[in-house]
Structures are given as structure tokens and as C-alpha cells.
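Colleague: Shown below is the structure under consideration.
The values are calculated or read from the model by the stated rules, or taken from the named source; none is laboratory data. Just so it is clear, the model here is predicted, and its values are computed rather than measured. Reconstructed Cβ throughout: ideal geometry from the backbone, glycine too, with neighbour counts over all protein chains shown.
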Amino acid sequence: MATEMQPGSRMAAKHTGGSGGPPPWVRRVLLDNGALSALVVMVVLMAILSGDFFSTQNLLNVGVQAAVTAILAFGVTFVIVSGGIDLSVGSVAAFSAITLGWLATEGVPTFLAVVLALAAGMACGFVNGMLIAYGKLPPFVATLAMLSIARGLALVVSQGSPILLPDSISWLGQTLGEWLPVPVIVMVVIGVVTAVVLQRTYSGRVMYAIGGNEEAARLSGIRVKRQKLVIYTLAGLFAAVAGIVLASRLASAQPQAASGYELDAIAAVVIGGASLAGGVGKASGTLIGALILAVLRNGLNLLDVSAFWQQVVIGAVIALAVLLDTLRRRT
Amino acid sequence: MLRTEQIGKVFPGVVALDGVDFDLCQGEVHVLLGENGAGKSTLIKVLSGVHQPDSGRVLHRGSPVRIGGAEDAERLGIATIHQEFNLVPELSIAENIFLGRQPRRFGFVDRKRMERDAAPLLQRVGVQAGPETPVRELGIAGRQMVEIAKALSLDAKVLIMDEPTAVLTASEVDRLFAIVRRLRNEGVGIVFITHHLEEIPALGDRVTVLRDGRSVGQVPASTHHDELVRLMVGRSIEQQYPRQTSGDASRGKPLLRVAGLSRGGVFHDVGFEVHAGEVVGVAGLVGAGRTEVARAVFGVDRYEAGTVEVDGRRLPGFDVTAAMAAGLGLVPEDRKGQGLLPEGSVADNLGLVTLRNASRGGWVDRSGQRAAAGEMANRLAVRMAGLDQQARTLSGGNQQKVVIGKWLLAETRVLILDEPTRGVDVGAKVEIYQLVNELTAQGHAVLMISSDLPEVLGMSDRVLVMSQGRIAGELSAEDATQDAVMALAVGTSAPGQGTTTEDFPHGH
């Protein structure tokens, strides 16, 4: 298990600083972290191949593109560290966004609408947790059911069509002071929250214990069922945040938004070094995983690679990243 | 037949083997002895191709060989029976024996031929069950025999057995010994690892003692126990069981009182008391219900009738947290499966029980937790590279110290130890016994379940004997002899023959 963790923002700062003439500590950090080195290699490669890549504007773009996946993935990190899986986060994100749009157009004050949208996401996560902890459903099955239910509810509430968001909400998708995108800020804040939860809180430490050995955790007096409720509810909450950020960027809540994002989120967590067997994983790793996916998509777009080939490349990179990490750990 | 010369192996932070010489002749049982962490496991992993030595060489019939993997070992006729069996429980005995090499006919598995081929092998190892029986229906001893049959089917000339007797009952051990002797007479060379010194003269020919990655001596199997222990730990252990019996005078008030505890088909009307400052041993055959009672008392499993009181207050059933709050603690028998976070660090493992108390409003006092873990690791003399070392990379004895340590940090008043020294070396055993003494001297109480009779007798102030889910009797330390305990454990009212108690894997 990881013992020290860097808040996401510091990690992100390290790789941009390390591209020329790496001092020894940079080398050590890179060697210790396969995903981070992959990200650095990719950024350097893209910067060489495309003149447009390494501009502040484009890098912030990458950040915006990574934000929704990263926020979803932070929630999924809790679940995966505790040895579970959550397939429903994409649908829950859409459902929360639709809830927000619907409430806002019904005249509910913005602040209250946001709170209720977050509550909707938490409710979905809570139901996941109940099914898993008390209904004894395997997480895969319970969250697969929720994937369908939440998506269906999003379609029911919206009657299948997008809901325009008022300006009082869609600023969340815009920039602060002309250049700093709000989604990037939200991503960094949520990332720091994730790191702090995992490292410093009771629930966070318990996630590692449950994922590492559920029976040992139970025999050590940890109320495993209750904690699983907390874990899946947190994942639902983070999914709601991601859904709101996504809808704000598009200035409209769409019932089909974030389809398939749960797989990107899981990929980001796994690329970041977490084990699907549980007990291992870090917030910084997840951030790096999400950035790798975003850098790839952005870079391949700039290089005019067809969208079809992009999928092939991204799949290959997911396999390669995890393969390298496995090899590094074995030696 | 097989010889190693100056084998060295270094893992990050640890020199596991440091120039080990070892040899095995045809038709001999060579016992490998050493404390946990002495390098036994690493040595047999080198011989079975799991690890590559960093220095030195392995000779097979006089010529140097490289054992790069399981295939190479198989080609050389080296078979290893690990403590954790490599069997697929849902498949039949025959399929397990021929796994990956099933005889085929027209591309399909030839089930008939497979079962026909398996039958004589099973006969050789004394397994009664038919070759079509699923392995999950076998007990631990049966599974072990299937592993041996598998080795025989590969025409193994060298058989490496890693602590095969640790999980067996006395009668099963006798059967295993009979088979091992027969194999020896057939010319198989056997490397036998054990922690039970009394097994050595009964079975072995030669003994190699490892300590701290070096071979410190090669002696005949008839060597006296004390000498073997001295070689293993590098000092003589004055007292193997350092129990300072408190006697009735210093016996305190009852801390744990169990009455009428029952669960249909598992245990019936179990009642006992454990007083402050006392060690109560629980003896009995495997499957007598000891582990089940311990788990029920601690609130892990449900019970249907009866009461559990700690210090006069009745506990709700099936509530581990309440049991812990009352001051109970349980060190489970299955260390890896139920006690340890293998991926977690030593610090994480030690802090597991105290995690809740070290949290204020959901925030964990990490530096306090770490400091406490550091102190406890010191007090327990856990041999580790540091508090951040992953628990799975510790040796068995040190893992057990960590699992016990997390309860000591929680100021547990009644500690239930289930097989606390299984798979633990002599040196660490004594350290664990001393911990038990410290606990009782501080007025805490210990309930110790153990299948190791000398241990129960040596360490307990009173001995409870369980048989077939009931308390068959209670013996004071003076009255508790091996014979008295066994007589109660075997039980005269047992259905069928008392001595052939059916064994089954227990606890979970």
C-alpha cells in the first residue's frame, strides 16, 4: 500500500518541470511510478510531434478534457481500493445533471438545485451500497443494474431531450479570469479531497483494509457493511459532481451524456496503479491515469489521427501502461 | 543426487540465503530446520525453480543445472508440496492429478483412462476416495495425499515437503509418515521441513539447520532436541514454555463468562470462565468446534442460545464491535486469510484495531498511529526493514507478532488466541509465550486454542477439552497430562470408534 501520497496538483507540477535535464529526484519519482513516466514520455512526444500541443491554452484544454473523467475516476478510486467496482458512475452523472437541469428550469434556486442534484447522485450510490453490503449482490451486478436504472431515470425525467442550463449554473463550465477553466479547478480540488480522504480519514484507511482483506477488517472490528455504504455513496457524490461539470461545459444537461465514461474512469484508476483486487491505489495515480487518456485524445486530434484509430491506440496504451506497471513491480 | 553449493540470494533489503550448502541422497529423508525467516522457504523455492540464485550453483546428479521454472524442476523430477495446495477444489481427484496433462482421445479428455491411471497412485498414498471424487470433498490430509499422488504421477525423484504436518492431526501425521517412509524405501529423496522437533527422529535421516540464511550445521536425525534448538536459535532456550503459573491465590475476578452457548450441529451448551491473570487452554481434535466457539464468543458468527459476559456485562450476539468495545480480542487461526492485510504495511496492520479510537470526527491521527506502531514493533521485536514494509513479505512468525500486536495496542482485556504458534518457529514461539505472560501479569486474561498439546499443557493454568462440539472436561494444570487430555478429546461416547474421528477443515 502507498504510504505517502502527493496531492494531485504537486504531481502535475513535477512532470512539466522535469522535461529538460532531469535532476536525480525527478528520476527517482519517475522510476517509482510507471504511469507518471508514461505521461511524461507522452507529453514530450506530443510536444515534439505537434507545435500546438505545448501551449498553455492547449494544456488547459487537456485539463478540461480530463476533468470529467478524473472526477468520476476519483470516486471510482474509493470503490476499487476497497476491492469493489462501480459501473454506474457514467449513468449517475447523467441522472444528476438532468436532475439539476430539471430543477433549475422549474424555478428552484440554483444553489438548492445543485445540492439536490448532488443528493440524487448520493442516493444512487447509497442504493448501490445497500444492494452490495446488505443485499450481498456482487458489486459488478449491483452497479450494472444501477447503470441501467440511472440512465433510464435520466431519460424519464428529461423525456429524452436535452435541458438547457441557466447561466447561473453554466459558468461552472467556463473560465475564471479569462483563462483558468473552472472544470480544472474542480478536478484539482476533488483530487486533493480524494487524497486527503484516502490518507487521513478513518473511512479512507478502512477502504484499504477492506480491499486488502475484508475478513481481517471485519475481525478487527471494522463495520464493513456500513463503510461500504459510505464508499459507494461517495462514488455517487463524485459522479454527480462530474455530471454537473460536464453539463455546465455543454451548457445543457443531456440524458445520454457520459455514456461509457465509467470505463474511462476505471481505466484511469487502473492505469494509475490501483489493483482491481483491492487494497492498492492512490489519488495521484488516478489523476495521472485520467491525464494520460486526455493527453492521448488531444494529441491524436492535433495530429489528425482518425477517431477510429484513436480508439485502437487508446486501448493499446491502457494495456501497455498496466503491463509496464506489472513488470516494474515484479522486479 | 541433488546438491547446492554456496547458494546466495538477495532480496531488496534482506540477504535471504548466504552461501548455503545442501545435499540430498537417493532414498533419504533430509530434514530442513530453522526459524521462520532463516531461509528454508527461499532454499526450496530455488530448488523448485521459483527463484533464481544470485550466486552459487545447483548440481543434479553431479552436473550443474539451471532450474529456471516449474517445467525445469519437473523435467529433473523435483516435485514440491507447498503449504498452500495447488489444487482445484471443484475438479475431481483424477483431473487434479493430471491437470494440464489429461490423457486425450480424439482431442477430448479421456476421463476413463485418467481415472484408471489415477487409481493405483491413490492406492499408493492410501486415499480411499475414488478418483472421480471432487477434491473439495476431501479433508486437508486427503488433499495433501492428492498432492503427493500428483508428484508421484510425474515420476518425482525428489520430493520437497514444506511443513506438511502443520495442518494434520496426530493420526494423520502417522499415516503421512508411513507413506513418506515407503517412498524413501522406493528410492525417492525427500526434503522435509518441519517445526516439530519430535518428528525428526521418527522420520529423518539427516538434519540441516539454517539460521539467518546460512547452513549452521548438518547433524544426524538422532541429535538431541536441545542441541537442535541451540543450532536453530544460536542460543539455548532455557525454558520452552516460560509460563509462570499464577496459582489460585492470584487468580482475579472472572473477566469472560460463557454459559450455555449453542449452535445447532456445531457446538452445544458450551460454558466456561476465564479469570483475570489466567491462561485457559482449549484442547481438542481438529473439528471439535473450538474455532467455532471462539468466533461465536467474539461475535463473528451467530449463536442460537446462551450468553457471553465480559466483566459482568452481557454482550449482544453477532457484534464484533461490541465485543471489542467490551475488551475482547481474537487472533484468528488463519493468519493470511483472516488476520493480515498482506498488501498493507506493518504500520497499517498494527494500527487496524486502534484506527477507530485514533480517529476524531473521521480524521485519523496518523502520526500518533505510526508512533504507536513503531513502539509496538520494537516491543515485539518484529524483524522488518521498516514500518512501511509490506506485511506479506514478513516471515510467518513476524506476521503473527504483527497480528497479535494490533490487539495489544488496543488494550485488550481478554485475548482469544486461535492456534497462535502454527507455522511459527521456536524462537518466535517463545516470544509469543512471553507476551502471553506479560498480558496475564498485567491482569488481562488469555483463552488459547491450540492443537499443539505440549504448548497447551505448558502454557495453560487450566485446560478445557472440547469434543464433538461440547466441553468434554476441564483439567487443572497439575492434572492435565497428554493422556488425560487425549482421553477427553477422543471421547468415550463418540459414535463409531473414538479414535478414528472424522477430520474436516474447520473454521470457515
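Colleague: Of all residues in the stretch B:72-114, how many are modelled with pLDDT of 85 or more and on the phi > 0 side of the Ramachandran plot?
Modeller: 1
Colleague: If I filter the stretch A:246-256 down to residues being surrounded by 24 or more Cβ atoms within 10 Å (Cβ to Cβ) and aliphatic (A, V, I, L, M), which single residue comes out as nearest to the chain's Cα centre (by Cα)? Spell out the reasoning first.
Modeller: Applying the first criterion (surrounded by 24 or more Cβ atoms within 10 Å (Cβ to Cβ)) to the stretch A:246-256 yields A:246-247, A:253, A:255.
Still in the running and aliphatic (A, V, I, L, M): A:246-247, A:253.
Details: A:L246: 12, A:A247: 16, A:A253: 19 Å.
Across the stretch A:246-256, the extreme among qualifying residues is A:L246.
Colleague: Every residue in the stretch A:183-205 that is facing another protein chain (nearest Cβ under 10 Å) and either under 18 Å from the mean Cα position of the chain (by Cα) or free of Cβ contacts under 8 Å to residues at least 24 places away in the same chain (or both), please. I'd like the intermediate steps shown before the answer.
Modeller: So the first thing to find is which residues in the stretch A:183-205 are facing another protein chain (nearest Cβ under 10 Å), and the list is A:196-197, A:199-205.
A:V196, A:V197, A:Q199, A:R200, A:T201, A:Y202, A:G204, A:R205, listed by residue number.
Colleague: All but one of (1) part of a helix (DSSP H, G or I); (2) in contact with a Gly (Cβ under 8 Å, 6 or more places away or on another chain); (3) modelled with pLDDT under 90 hold for B:R184; which doesn't?
Modeller: (3)
Colleague: Further question on the same structure: Quickly run through the stretch B:145-170 and pick out the residues that are under 19 Å from B:H30 (Cα atoms) and either buried (at least 22 other Cβ atoms within 10 Å of the Cβ) or within 23 Å of the chain's Cα centre (by Cα) (or both).
Modeller: Result: B:I148, B:A151, B:A156, B:V158, B:L159, B:I160, B:M161, B:D162, B:E163, B:P164, B:T165, B:A166.
Colleague: Take the stretch B:281-329 and flag every residue that is of a type in the set (A, V, I, L, M, F, W, C), in a loop (DSSP other than H, G, I, E, B) and more than 14 Å from every other protein chain (Cβ to nearest Cβ). It would help to see each step written out before you state the result.
Modeller: Just the residues of the stretch B:281-329 that are of a type in the set (A, V, I, L, M, F, W, C), to begin with: B:282-283, B:285-286, B:288, B:293-294, B:296-298, B:300, B:305, B:308, B:310, B:315, B:318, B:320, B:322-326, B:328.
From the residues that got through so far, the ones that are in a loop (DSSP other than H, G, I, E, B) too are B:285-286, B:288, B:298, B:300, B:315, B:318.
Answer for the stretch B:281-329, where residues must be of a type in the set (A, V, I, L, M, F, W, C), in a loop (DSSP other than H, G, I, E, B) and more than 14 Å from every other protein chain (Cβ to nearest Cβ): B:L285, B:V286, B:A288.
Colleague: What about B:V173, is it surrounded by 17 or more Cβ atoms within 10 Å (Cβ to Cβ), under 18 Å from the mean Cα position of the chain (by Cα) and in the same structural domain as B:I81 (by TED's automatic domain parsing)? First the steps, then the outcome.
Modeller: Details: surrounded by 17 or more Cβ atoms within 10 Å (Cβ to Cβ): yes; under 18 Å from the mean Cα position of the chain (by Cα): yes; in the same structural domain as B:I81 (by TED's automatic domain parsing): yes.
So B:V173 passes the test.
Colleague: While we're on this one: Here are some conditions: (1) crowded, with 23+ Cβ neighbours inside 10 Å; (2) farther than 23 Å from B:K336 by Cβ; (3) at pLDDT below 95; (4) not hydroxyl-bearing (S, T, Y). A:G236 meets all but one. Which one does it not meet?
Modeller: The failed condition is (3).
Colleague: Just to be sure, is A:L237 in contact with a strand residue (DSSP E or B) (Cβ under 6 Å, 6 or more places away or on another chain) and in contact (Cβ under 8 Å) with a residue 12 or more places away in the chain? Step through it out loud before you land on a result.
Modeller: Numbers: in contact with a strand residue (DSSP E or B) (Cβ under 6 Å, 6 or more places away or on another chain): no; in contact (Cβ under 8 Å) with a residue 12 or more places away in the chain: yes.
Criteria not met by A:L237.
Colleague: For the stretch B:207-222, how many residues meet the condition of being more than 18 Å from B:V10 (Cα to Cα) and out of contact with any Leu (no Cβ under 6 Å at 6 or more places or on another chain)? Before you say what the answer is, go through the steps one by one.
Modeller: Filtering the stretch B:207-222 for residues more than 18 Å from B:V10 (Cα to Cα) gives B:207-209, B:216-222.
Filter once more, keeping what is out of contact with any Leu (no Cβ under 6 Å at 6 or more places or on another chain): B:218-222.
Total satisfying the criteria: 5.
Colleague: What's the number of the only condition in (1) crowded, with 18+ Cβ neighbours inside 10 Å; (2) in contact with a Phe, Trp or Tyr (Cβ under 6 Å, 6 or more places away or on another chain) that B:M384 fails to meet?
Modeller: (2)
Colleague: When the stretch A:206-230 is examined, which residues are found to be outside any helix (DSSP H, G or I) and facing chain B (nearest Cβ under 7 Å)? Reasoning before the result, please.
Modeller: Narrowing the stretch A:206-230 to residues outside any helix (DSSP H, G or I): A:213, A:220-223.
Answer for the stretch A:206-230, where residues must be outside any helix (DSSP H, G or I) and facing chain B (nearest Cβ under 7 Å): A:N213, A:S220, A:G221, A:R223.
Colleague: Same structure again: Please go through the stretch A:142-168 and give me each residue that is surrounded by 13 or more Cβ atoms within 10 Å (Cβ to Cβ) and free of Cβ contacts under 8 Å to residues at least 12 places away in the same chain, ordered by number.
Modeller: Within the stretch A:142-168, just A:G152 meets the criteria.
Colleague: Which residue out of B:A373, B:A377 is within 14 Å of another protein chain (Cβ to nearest Cβ) and either of a type in the set (D, E, K, R) or under 28 Å from the mean Cα position of the chain (by Cα) (or both)?
Modeller: B:A373
Colleague: Just the residues that are among the charged types (D, E, K, R), over 24 Å from B:E198 (Cα atoms) and modelled with pLDDT under 90, please, taken from the stretch B:6-44.
Modeller: Within the stretch B:6-44, B:K9, B:D18 meet the criteria.
Colleague: Another question, if that's okay. Scan the stretch A:79-86 and give yes if some residue there is part of a loop (DSSP other than H, G, I, E, B), among the charged types (D, E, K, R) and closer than 14 Å to A:A240 by Cβ, otherwise no. Can you show your working first?
Modeller: Restricting attention to the stretch A:79-86, the residues satisfying the condition of being part of a loop (DSSP other than H, G, I, E, B) are A:82-86.
Keeping just the survivors that are among the charged types (D, E, K, R) gives A:86.
Imposing the further condition that a residue be closer than 14 Å to A:A240 by Cβ reduces the set to A:86.
Among the residues of the stretch A:79-86, at least one is part of a loop (DSSP other than H, G, I, E, B), among the charged types (D, E, K, R) and closer than 14 Å to A:A240 by Cβ, which makes the answer yes.
Colleague: Now a separate question. Filter the stretch B:333-347 for residues that are more than 8 Å from chain A (Cβ to nearest Cβ), over 14 Å from B:A385 (Cα atoms) and not in a loop (DSSP other than H, G, I, E, B); which is nearest to the chain's Cα centre (by Cα)?
Modeller: Top of the filtered list is B:R335.
Colleague: Residues in the stretch B:118-135: is at least one under 18 Å from the mean Cα position of the chain (by Cα) and either modelled with pLDDT under 90 or hydroxyl-bearing (S, T, Y) (or both)? I'd like the intermediate steps shown before the answer.
Modeller: Keep residues of the stretch B:118-135 that are under 18 Å from the mean Cα position of the chain (by Cα), which gives none.
Checked the stretch B:118-135: no residue is under 18 Å from the mean Cα position of the chain (by Cα) and either modelled with pLDDT under 90 or hydroxyl-bearing (S, T, Y) (or both).
Colleague: Looking at (1) within 11 Å of chain A (Cβ to nearest Cβ); (2) touching a helix residue (DSSP H, G or I) at 6+ places or on another chain (Cβ under 7 Å), can you tell me which one B:Q390 breaks?
Modeller: (2)
Colleague: For the stretch B:418-436, state whether one or more residues are within 13 Å of another protein chain (Cβ to nearest Cβ), at negative phi and modelled with pLDDT of 90 or more. Outline the logic, then answer.
Modeller: Looking only at the stretch B:418-436, we keep the residues that are within 13 Å of another protein chain (Cβ to nearest Cβ), and these are B:418.
With the extra rule that they be at negative phi, the set shrinks to B:418.
Applying the additional criterion that residues be modelled with pLDDT of 90 or more yields B:418.
Within the stretch B:418-436 (the criterion being within 13 Å of another protein chain (Cβ to nearest Cβ), at negative phi and modelled with pLDDT of 90 or more), the answer is yes, since at least one residue qualifies.
Colleague: Can you confirm whether the stretch B:397-411 contains a residue that is at pLDDT below 90, more than 9 Å from chain A (Cβ to nearest Cβ) and under 29 Å from B:G252 (Cα atoms)?
Modeller: Yes, because at least one residue in the stretch B:397-411 is at pLDDT below 90, more than 9 Å from chain A (Cβ to nearest Cβ) and under 29 Å from B:G252 (Cα atoms).
Colleague: Condition first: facing another protein chain (nearest Cβ under 8 Å) and under 25 Å from the mean Cα position of the chain (by Cα). Can you find one or more residues in the stretch B:352-364 that meet it?
Modeller: We begin by selecting, within the stretch B:352-364, every residue facing another protein chain (nearest Cβ under 8 Å); these are B:352-353, B:355-356, B:359, B:362-364.
With the extra rule that they be under 25 Å from the mean Cα position of the chain (by Cα), the set shrinks to B:352-353.
So far as the stretch B:352-364 goes, yes, one or more of its residues are facing another protein chain (nearest Cβ under 8 Å) and under 25 Å from the mean Cα position of the chain (by Cα).
Colleague: Can you pull out the residues in the stretch A:46-73 that are without any contact (Cβ under 8 Å) to a residue 60 or more places away in the chain and farther than 27 Å from A:G173 by Cα?
Modeller: Across the stretch A:46-73, the qualifying residue is only A:I48.
Colleague: Shifting gears a bit: Hey, can you tell me all the residues within the stretch B:118-144 that are buried (at least 20 other Cβ atoms within 10 Å of the Cβ) and farther than 28 Å from B:A283 by Cα?
Modeller: Of everything in the stretch B:118-144, those that are buried (at least 20 other Cβ atoms within 10 Å of the Cβ) and farther than 28 Å from B:A283 by Cα turn out to be B:A118, B:L121, B:L122, B:V125, B:P131, B:V135.
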